[in-house]
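The values are calculated or read from the model by the stated rules, or taken from the named source; none is laboratory data. These figures come from a predicted structure and were not determined experimentally. With ideal geometry, Cβ positions are generated from the backbone for all residues, glycine too; neighbour counts draw on all protein chains shown. In case anyone asks, the SASA skips ligands and DNA or RNA and just uses the protein heavy atoms, side chains included. Shrake-Rupley method; radii C 1.70, N 1.55, O 1.52, S 1.80 Å.
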Amino acid sequence: MRTVDLRQKKLRIALMSLLFILIFSSACTEATVVLEESPTAEETKIIQPTETLRPFPTSTQANTPIPDPTEGISLPPEDLDGVSLHFVHPWGGRADDLLVEIATQFSLSNPWNIWVDVEGFGSEAALMASLESSLEVGEIPGLIAIQPYQLTGVEDKILTIDLEPYFNDSEWGFDESAAGDIHQIFLDQFRLGESLVALPVAPRATVLFYNQTWGNELGFEGAPTNAEAFQSQSCEATFANQADVNEANDGTGGYPRNVDPNVLASWYAAFGGELPDQAMPQFNSETGREAFGFLKSMDEKGCIWINRKPDPYIYFANRYALFYAGTLDHIPAQLAWMDVAGNEDQWKVMGFPGSSGETMVIDGPGLMVSADSPENQMAAWLFAQHLLSPEIQAKLVQQLFTLPVRRSAVDELDDFSDQYPQWAQGLALVDDAQTLPITENWAVAQWVLQDGILRLFNLPEGDVSTILGEVDAMIGDME
């Protein structure tokens with residue numbers, strides 16, 4: 001555990017970041033465009049991406065002994081009879097209902113007589129608040145679906161085990177065929193050194209939404225495949241809206257400004273950037289200057305515009321935006337808004353185009369097993385393994401619009417792919433995707449990067465190298 005001085009330093013940095021946001025937020029409102037809410041907006045509600053916390057942790061169990069799980073692996077099956085497992089997760093609504101149904105069916109049919117109770121919280125923030133309350137009374141769930149870095153602030157109280165021995169066990173683990181069926185990129189995201197800290201369960205993809213019909217009308221044959229083509233199309237859409245007879249759409253048309261850390265990471269990856277798994281990221285490099293300098297250049301040309309409403313669906317449906325950055329779970333809401341607007345344009349999802357081609361960034365919670373009795377650890381492992389079965393993965397994909405952890409799950413998603421071709425387009429990008437780090441380094445650095453890019457946009461004479469140098473200095477102070 002690091003000293004209190006380090007925590008105070010991180011708190012000061014956090015307050016500085018908040019101050020940057022407050023100072024420059026007024027600049028963001030002058031050029032915004034507001035659209036009236038549709039009276040049928042309520043009908044388009046879906047499960048939204050969970051809110052990400054801003055933790056200021058110290059280390060992902062770096063200084064805490066991780067219990068040896070081999071005792072649980074050696075249990076005879078009869079010792080699992082009657083074990084009750086508490087599983088908590090960040091999803092709500094229909095996703096929570098589905099997980100309750102999955103757990104009930106598992107409880108009634110598994111050969112070990114394990115019973116699983118499921119509790120969903122609707123967001124990662126609510127889940128963490130519940131975990132902290134549970135710690136006060138000494139109750140820790142056996143299985144937790146969460147971003148690993150979320151637990152680093154309570155790592156001395158919530159210990160989790162290395163799942164690698166379970167994964168490779170000849171009796172309880174994944175056999176060679178099943179292990180090969182799992183996309184390696186999803187597993188690698190949760191590997192730190194030789195340890196597997198979590199199992200992937202619902203990978204979430206950040207992508208661009210693109211209006212193909214409007215792009216064709218603007219004179220482009222297809223979606224842009226590199227940064228230059230992206231800028232050309234975004235600027236052309238902006239010029240078109242400025243020149244038409246509709247004054248309400250002046251100042252719109254291209255790419256709405258988006259400084260969500262996952263989106264910034266996507267642009268960074270599109271230009272060849274890679275975020276380190278455990279080291280602090282640094283952005284004042286040739287790659288960083290190229291990626292964020294590209295966004296600054298587009299903004300200066302007026303081809304990035306500021307949208308006041310956080311949800312992009314109505315802007316896209318009304319041709320205020322040729323592109324926008326979002327996640328695959330935006331698809332059903334976007335379809336609904338297209339219907340509301342009476343818009344029959346053809347649209348797709350695509351990766352972020354840069355010097356490295358189209359790139360997609362993936363993140364999402366992992367299944368972490370709490371260090372408890374051998375019986376509870378094994379019960380948690382068996383249910384986590386069940387959640388990765390192809391049939392269960394297919395059900396989760398259809399509810400959450402995530403990516404399937406198992407390749408064979410796609411065989412059960414033919415109808416889903418036909419109904420939602422945009423989801424299938426996202427799935428096709430997996431082989432060229434990058435995953436976000438799961439450690440506290442990215443958990444903290446992402447917000448410093450966000451504040452730096454906000455300053456880059458809002459300062460008329462903001463120099464890319466200077467701003468990124470300040471970002472790196474602030475990130476370096478956290479080490």
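Computed quantities for the displayed model
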{"item": "Yes/no for GLU358 being buried (at least 18 other Cβ atoms within 10 Å of the Cβ) and either in contact with a strand residue (DSSP E or B) (Cβ under 9 Å, 6 or more places away or on another chain) or not β-branched (Val, Ile, Thr) (or both)", "result": "yes"}
{"item": "Qualifying residues in region 233-250 (those that are buried (at least 16 other Cβ atoms within 10 Å of the Cβ) and not hydrophobic (A, V, I, L, M, F, W, C)) - the one nearest to the chain's Cα centre (by Cα)", "result": "SER234"}
{"item": "Tally, over region 192-212, of residues that are open to solvent by 10 Å² or more (accessible area, probe 1.4 Å) and either without any contact (Cβ under 8 Å) to a residue 12 or more places away in the chain or of a type in the set (Ser, Thr, Tyr) (or both)", "result": "2"}
{"item": "Residue in region 319-334 that is farther than 19 Å from THR206 by Cβ, open to solvent by 10 Å² or more (accessible area, probe 1.4 Å) and modelled with pLDDT under 95 present", "result": "no"}
{"item": "ALA325 vs. criteria assigned to a helix (DSSP H, G or I) and either closer than 19 Å to GLY215 by Cβ or in contact (Cβ under 8 Å) with a residue 60 or more places away in the chain (or both)", "result": "no"}
{"item": "Region 372-382: number of residues that are surrounded by fewer than 24 Cβ atoms within 10 Å (Cβ to Cβ) and within 26 Å of the chain's Cα centre (by Cα)", "result": "1"}
{"item": "Every residue from region 199-228 that is of a type in the set (A, V, I, L, M) and in contact with a helix residue (DSSP H, G or I) (Cβ under 6 Å, 6 or more places away or on another chain)", "result": "LEU199, VAL201, ALA202, ALA205, VAL207, LEU218, ALA227"}
{"item": "Residue identified as of a type outside the set (Ser, Thr, Tyr), open to solvent by 70 Å² or more (accessible area, probe 1.4 Å) and not in a helix (DSSP H, G or I) among GLU132, GLU171", "result": "GLU171"}
{"item": "Residue list for region 445-479, restricted to those being in a helix (DSSP H, G or I), of a type in the set (A, V, I, L, M, F, W, C), within 22 Å of GLN278 (Cβ to Cβ) and open to solvent by less than 10 Å² (accessible area, probe 1.4 Å)", "result": "ALA445, VAL448, LEU449, LEU468, VAL471, ILE475"}
{"item": "Failed condition for SER355, given (1) modelled with pLDDT under 95; (2) under 16 Å from ALA198 (Cβ atoms); (3) hydroxyl-bearing (Ser, Thr, Tyr)", "result": "(2)"}
{"item": "Filter pass, PRO310 being closer than 19 Å to ALA445 by Cα and not in a helix (DSSP H, G or I)", "result": "no"}
{"item": "Test result for TRP337, out of contact with any Gly (no Cβ under 8 Å at 6 or more places or on another chain) and more than 29 Å from PRO148 (Cα to Cα)", "result": "yes"}
{"item": "Boolean, GLU101 is in contact (Cβ under 8 Å) with a residue 40 or more places away in the chain, surrounded by fewer than 16 Cβ atoms within 10 Å (Cβ to Cβ) and not in a loop (DSSP other than H, G, I, E, B)", "result": "no"}
{"item": "Helices (runs of 4 or more DSSP H) contained in region 330-433 and holding at least 3 residues closer than 25 Å to GLU217 by Cα", "result": "331-341, 421-427"}
{"item": "Selected residue (only one of VAL340, VAL349 is open to solvent by less than 20 Å² (accessible area, probe 1.4 Å), among the β-branched types (Val, Ile, Thr) and modelled with pLDDT of 95 or more)", "result": "VAL349"}
{"item": "Count of residues meeting criterion [at negative phi and either open to solvent by 20 Å² or more (accessible area, probe 1.4 Å) or charged (D, E, K, R) (or both)] in region 268-292", "result": "14"}
{"item": "Enumeration of residues in region 152-168 that are outside any loop (DSSP other than H, G, I, E, B), in contact with a helix residue (DSSP H, G or I) (Cβ under 7 Å, 6 or more places away or on another chain) and surrounded by fewer than 18 Cβ atoms within 10 Å (Cβ to Cβ)", "result": "VAL154"}
{"item": "Top-ranked residue of region 285-299 - restricted to ones that are in contact with a helix residue (DSSP H, G or I) (Cβ under 9 Å, 6 or more places away or on another chain) and charged (D, E, K, R), ranked as farthest from ALA321 (Cα to Cα)", "result": "ARG289"}
